[in-house]
Amino acid sequence: MNGPTLPSFRYHPLPVSTGSVALEDGACSVCCQSRGALYTGYLITDDGDDVQVCPWCIADGTAADALDISFTDIQPITSSGIPPEVLDEIELRTPGFTGWQQERWMFHCDDGAAYLGTAGTEALRQHSAAIKAIEAEGRESGWSDDDISSYINSLSRDAPPTAYLFQCLHCSTYLAYSDFT
């Protein structure tokens with residue numbers, strides 16, 4: 001079944017395959033239309049109401065404006081030198097994703113990277129830079145080389161521990177971080 005033609009997102013080019021958007025009917029809380037796709041990812045709001053948001057209202061910013069919501073917590077990186085317009089696009093006009101713990105958006109070449117989805121060991125082994133990023137996380141946590149190797153071998157796309165794969169939009173470097181419950 002072919003679904004609707006979704007808007008394109010610079011920083012999240014595959015929102016259906018990553019699970020952030022589902023091809024399903026339901027009226028959007030913003031535009032009140034049922035367009036055959038709804039956002040299923042992480043939603044940051046002070047209002048606890050359940051809302052359904054279509055990708056078109058995310059892309060043009062009307063969901064963020066109308067419902068005072070955002071899709072990614074960019075607070076930890078606001079002082080990182082990334083241009084404010086990039087942070088705004090990722091926070092307010094890009095579908096987020098759901099992780100086991102606090103989600104983190106990756107950045108490279110002074111820009112946001114494209115989120116490609118969750119990855120297990122086999123997928124990461126295709127991208128040496130992503131493996132090195134996970135190894136660096138382990139070293140920062142004080143893990144031994146054996147612990148790091150064992151951890152990387154245990155990564156799963158669908159269950160914790162999981163890696164989250166990104167790619168730089170400028171130099172094509174693959175980036176990753178991981179988490180577990």
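Distance between the pseudo-spin-label points of Q52 and D65 (7 Å out from Cα toward the beta carbon): 2.4 nm.
Relative to the longest principal axis of the Cα atoms of the chain, helix 145-154 runs at roughly 40 degrees. The residue list G41, P55, F166 was ranked by how far each Cα lies along the charge dipole of the chain toward its positive end, using unit charges on Cβ atoms, and F166 comes out on top. Backbone amide hydrogens, once placed in the peptide plane, bring V21 within less than 5 Å of V16, T40, excluding anything fewer than 5 places away on its chain.
Accessible surface of D25, taken over heavy atoms with a 1.4 Å probe and every protein chain present, rounds to 120 Å². Based on Cα contacts under 8 Å between residues 6+ apart, the chain shows a relative contact order of 19 percent. By the Cα gyration tensor, the chain has an equivalent ellipsoid whose semi-axes, rounded to whole angstrom, run 30, 18, 15 from largest to smallest. Note that region 22-27 has calculated 3J(HN,Hα) couplings of 10, 7, 8, 7, x, 6 Hz, one per residue in order, obtained from phi through the Karplus relation 6.51 cos²θ - 1.76 cosθ + 1.60 (θ = phi - 60°); glycine and proline are x. Available extension along the chain between L169 and E140 is 7.8 nm, counting 0.36 nm per residue and deducting the alpha carbon span. Mean separation of Cα pairs under 8 Å and 6 or more residues apart, divided by the residue count, gives region 118-179 a relative contact order of 42 percent. Helix 128-140 against the longest principal axis of the chain: what's the angle in degrees, Cα atoms only, rounded to the nearest 10? So the inclination is approximately 70 degrees. Maximal additional length on extending the Q33-E122 stretch stands at 28.0 nm, based on 0.36 nm per residue less the C-alpha distance. With a simple spin-label model that places each label point 7 Å from the Cα along the Cα-to-Cβ direction, the separation between C109 and L14 comes to 1.9 nm. What separates the Cα centres of region 133-163 and region 13-45 is a distance of 32 Å.
Ordered by 1.4 Å accessible area with all protein chains kept, W100, W143, W105 run largest first as W100, W143, W105. Entry note, the chain: the mean residue ellipticity at 222 nm calculated from DSSP H runs of n ≥ 4, each adding -39500 (n - 2.57), is -7000 deg cm²/dmol after division by the residues and rounding to the nearest 500.
The values are calculated or read from the model by the stated rules, or taken from the named source; none is laboratory data. What you see is a predicted model, and the numbers here were worked out from it, not measured in a lab. As a convention, Cβ positions derive from the backbone with ideal geometry for all residues, glycine included, and neighbour counts pool all protein chains shown. Calculation scope for accessible area: heavy atoms of the full protein, side chains included, ligands and nucleic acids excluded. Shrake-Rupley method; radii C 1.70, N 1.55, O 1.52, S 1.80 Å.
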